[in-house]
Amino acid sequence: MKIAIGNDHTALEMKKAVKEHLKQKGYEIVDLGTDSSESCDYPIYGEMVGRAVALGQADLGIAICGTGVGISLAAGKVKGIRACVCSEPYTAKLSRMHNDSNVLAFGARVIGIEMAKMITDTWLEAEFQGGRHQRRVDMIMDIEGRQL
Ligand code: RB5
């Protein structure tokens, strides 16, 4: 499975750790940066992660900024993207099972690296359950076609 990963300057060390962890588990990683600790704008990286997933260049995406909020908002603006900020494994698991999340976000200033790895593993191992959840996800995605 191919995972796109992107981050801002606050999350460089966490990105490196999560990336290495996933590589060791056999995932293919598409690292979209930033690879610098210079201050940068998280929307750039959120959009890149979203686009990589929406275009099928990656199966799923991971986006990390200080809180996970800004970068998830940016990723979620890409058509077809369901980005969720998850600070613990339960929400991460249910975001896959019920919401079919395709971009996972978390905050490098909020959680530690070991928690980030655990959240990531739980999220990647969970499967979308379909059924009534598919109807609800379809309802969410239909909103994209009803813009002002
Ligand atoms: C950067 O200072 C910070 O605003 C960013 O990493 C993120 O937390 C935004 O949501």
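Here are some notes:
- Reported count of residues in the range 1-32, each being away from the ligand (no atom under 16 Å from the Cβ) and acidic (Asp, Glu), is 3.
- The set of residues from the range 75-104 being out of contact with any strand residue (DSSP E or B) (no Cβ under 8 Å at 6 or more places or on another chain) and away from the ligand (no atom under 16 Å from the Cβ) comprises Val78, Lys79, Gly80, Glu88, Pro89, Tyr90, Lys93, Leu94, Arg96, Met97, His98, Asp100.
- Some residue of the range 54-65 being of a type in the set (A, V, I, L, M, F, W, C), over 27 Å from Ile140 (Cβ atoms) and within 13 Å of the ligand (Cβ to nearest atom): no
- Residue match in the range 105-113 (condition: without any contact (Cβ under 8 Å) to a residue 40 or more places away in the chain and either more than 20 Å from Glu144 (Cα to Cα) or in contact with a strand residue (DSSP E or B) (Cβ under 9 Å, 6 or more places away or on another chain) (or both)): yes
- Long-range neighbours under 7 Å by Cβ, at least six apart or interchain, first residue farther than 8 Å from Gly46 by Cβ and touching a residue at least 12 places away in the same chain (Cβ under 8 Å) within the range 71-84, second of a type in the set (S, T, N, Q) and within 14 Å of the ligand (Cβ to nearest atom): Cys84/Ser72
The numbers here are math on the coordinates, done by the rules we state, and not lab data. Quick caveat, the model's predicted, so the values are computed rather than measured. All Cβ positions, even for glycine, are placed from backbone atoms using ideal geometry, and neighbour counts span all protein chains on display.
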